[in-house]
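Worksheet: one structure, shown below.
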Amino acid sequence: MYIDISPRKIVFILVLAFLLMVSVFTTNVEKVNYFGTTPFFYTITTATKYALNSAVADIEKTTLFAQSFFSRSGTSTGVEHGIPVLTYHRIVNDPNDTSNVPITTFRDQMQTLKNAGWQAISLEDFEAYLKGEKELPDRSFLMTFDDGAKESFYPADPILQAYDYHAALYVIVASSETPESTYYLSPQELKWILKTGRWSIGSHSFDGHRPYPADAEGNAGVFFSDRLWLPDQARLETPDEFKSRVTNDLAHAKSALQETYGTPVDTFAFPLGNETNITGTANFPEGASTTASVARSIYTFGFLQTNNQGFTYNFPVSTAPATDVASETKNMLASDFIVRRIHVDHDWNGARLLAILENGHEKGLPYQDDFSRDNGWITAWGKTDIGRNNFTLNAASNMTSVSSFLDGSELWSDYSLDFSVNWNNGYLMAMGDVTNSKTYDACVFSPGQVKIQSSVNGELQTLASVSNPKIQYSDNASPGIRVHGSTIECAWNYGAVADSYARTHAGGIGIQAWDDIPGIAQLQVRSLIVRPFTASSTVTQ
């Protein structure tokens, strides 16, 4: 066997080896610059998937351009009164993952929203809007991703790029610094992401998103709402120690993010257990409110998932003093710190997500609802069902009442509301001037009597009480409420039965039923109509 070891061949092999070493070194340097300590083979796989998703997105972008060239795709015009915020975690390939949104579903959602004229804005524009510093187009929305996972960015970014969409990542600082993580985005990746101009970052705590022992048995507590166990002292931390710990975490997260990435961090997404799968021990009832107070002192805005107690859209702070009930309502609805977010479920296709956003969009007057579909009724508590031209409300077995209000009605001012209902037990409440589930004006009907009540953050006040024998249980009753100026009126079968002149704010509509016995209250609503108020809306009975 003959081996060629001539000087020319040796030089050739050495040069080839040198070039290979340079290539490997350069590749590794680039990998470290962009991906940090992420394992090499995971990096290669992720980069390949990202490139493929980008190619698919480019095709979609071309298709979208062609569609918009030949047809009007619903471009945004005008100034929006409120802006919804969406929450995602990871975008996954597994269609059976019920905790995260599959990429095919996410792609369908974004394409549907884009075709309908919705535009995903930047976090910076959203903050300026809430501060009253900037007007934004109608049908703007903010998209947020919690945790700072790799599967938040790599599957989603090509789609965002195709549709000229923006998003915000809420980063757990300690998790992002985990060496060789295949789950969390590294600091190098986050720096690269920020350079795209499509993404912003916010705080999701420094290290408050994992379980901590909250009792001697080691049961897991929620970092931001439970007092934690101090094993070396065999006791729970004190309330002051809880507040100090939370303060240190939130302040450290903000300073670390700003120093590392050179960008202002003014927003915080609360990881209070609704997304951590940590039940907690509930050993500190004041924990969540203490955290909210601390967060307010450090950040400009705090993001929370909606809890069905308020409307879904967020409104800007008004610098002008309230001069009438309508302007007072805008002040009450304003997001002075808490920002409400809609958590996007894994099985929401594009049409369903679009319907939810459109349902929260400001509704015009006059307005009618025959309950052939859900037009945005939010169930504050109890059980409700809409369909076949019926809106059915039932109290839960352990509750005495059921309550619901209409999303997108929060900016209504002077109007008359009339229901057609089947009412056969308990009390019936026609609600107007709703700004949240515990702030409203209402006409409360019971057999032979009506009361006008006003509730502000759950503090109930009776403004008037009138006896009227015409008010009785009926399979075809028409209770109503009229609100205009400083007046609240109650109507029964379209005739006025009571009034008060103590109205202080405006707002949307709702309905409630209750009974003294838990699980009994129920109501069936067939239809409703809301008209701009005129003097002829009621006649005195």
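The values are calculated or read from the model by the stated rules, or taken from the named source; none is laboratory data. All values reported here derive from a predicted model rather than from experimental measurement. For neighbour counting, all protein chains shown are included, and Cβ atoms are generated from backbone atoms with ideal geometry for every residue, glycine included.
Points worth noting:
- Filter pass, Leu354 being part of a loop (DSSP other than H, G, I, E, B), modelled with pLDDT of 95 or more and over 13 Å from the mean Cα position of the chain (by Cα): no
- Boolean, Gly458 is farther than 26 Å from Asp369 by Cα and over 37 Å from the mean Cα position of the chain (by Cα): no
- Some residue of the stretch 513-520 being of a type in the set (Gly, Ala, Ser), touching a residue at least 40 places away in the same chain (Cβ under 8 Å), more than 25 Å from Thr329 (Cα to Cα) and not in a strand (DSSP E or B): yes
- When Asp249 is tested against (1) touching a His at 6+ places or on another chain (Cβ under 9 Å); (2) assigned to a helix (DSSP H, G or I), just one condition goes unmet, and that condition is (1).
- Here Val530 qualifies as within 29 Å of the chain's Cα centre (by Cα) and either aliphatic (A, V, I, L, M) or within 20 Å of Gly426 (Cα to Cα) (or both).
- Counted as qualifying within the stretch 365-422 are the strands (runs of 3 or more DSSP E) with 2 or more residues that are of a type in the set (Val, Ile, Thr) and over 19 Å from Ala442 (Cα atoms), namely 383-387.
- Looking only at the stretch 442-486, and only at residues there that are over 21 Å from Ala506 (Cβ atoms) and among the hydroxyl-bearing types (Ser, Thr, Tyr), the one that is surrounded by the most Cβ atoms within 10 Å (Cβ to Cβ): Ser478
- Test: Tyr129 is in the same structural domain as Asp94 (by TED's automatic domain parsing), crowded, with 17+ Cβ neighbours inside 10 Å, assigned to a loop (DSSP other than H, G, I, E, B) and of a type in the set (Phe, Trp, Tyr): no
- Residue within the stretch 317-326 that is β-branched (Val, Ile, Thr), surrounded by fewer than 19 Cβ atoms within 10 Å (Cβ to Cβ) and at pLDDT 90 or above present: no
- Qualifying residue in the stretch 204-226 (condition: in a strand (DSSP E or B), touching a residue at least 24 places away in the same chain (Cβ under 8 Å), more than 29 Å from the chain's Cα centre (by Cα) and over 21 Å from Glu259 (Cα atoms)): no
- Check on Pro231, over 30 Å from Asp336 (Cα atoms) and surrounded by 15 or more Cβ atoms within 10 Å (Cβ to Cβ): no
- Candidate set: the stretch 84-138, residues that are acidic (Asp, Glu) and in contact with a helix residue (DSSP H, G or I) (Cβ under 9 Å, 6 or more places away or on another chain); chosen: the one nearest to Gly202 (Cα to Cα): Glu133
- Tally of residues being closer than 16 Å to Gln512 by Cα and part of a strand (DSSP E or B) across the stretch 469-490: 5
- Looking across the stretch 240-259 at every residue that is surrounded by fewer than 17 Cβ atoms within 10 Å (Cβ to Cβ) and of a type in the set (D, E, K, R), the one that is nearest to Gly208 (Cα to Cα) is identified as Glu241.
- Close pairs (7 angstrom Cβ cut-off, 6 or more residues apart or separate chains): not assigned by TED's automatic domain parsing to the domain that holds Pro479 in the stretch 441-468, assigned to a strand (DSSP E or B) anywhere: none
- Residue match in the stretch 294-309 (condition: surrounded by fewer than 14 Cβ atoms within 10 Å (Cβ to Cβ), assigned to a helix (DSSP H, G or I) and not assigned by TED's automatic domain parsing to the domain that holds Arg90): yes
- For the stretch 224-272, a residue qualifies if it is of a type in the set (Gly, Ala, Ser) and either assigned by TED's automatic domain parsing to the domain that holds Lys191 or modelled with pLDDT of 95 or more (or both), and the qualifying residues are Ala234, Ser244, Ala251, Ala253, Ser255, Ala256, Gly262, Ala269.
- Note on the stretch 334-391: residues that are of a type outside the set (Lys, Arg), in contact (Cβ under 8 Å) with a residue 12 or more places away in the chain and touching a strand residue (DSSP E or B) at 6+ places or on another chain (Cβ under 7 Å) total 32.
- Single residue of Val450, Val466, Val434 found to be under 22 Å from Asp369 (Cβ atoms), touching a strand residue (DSSP E or B) at 6+ places or on another chain (Cβ under 7 Å) and in a strand (DSSP E or B): Val434
- Restricting the stretch 412-445 to residues that are of a type in the set (S, T, N, Q) and touching a helix residue (DSSP H, G or I) at 6+ places or on another chain (Cβ under 8 Å), the residue that is farthest from Thr306 (Cα to Cα): Ser416
- Single residue of Ile193, Ile172 found to be touching a strand residue (DSSP E or B) at 6+ places or on another chain (Cβ under 8 Å), within 26 Å of Arg107 (Cβ to Cβ), β-branched (Val, Ile, Thr) and in the same structural domain as Asp94 (by TED's automatic domain parsing): Ile193
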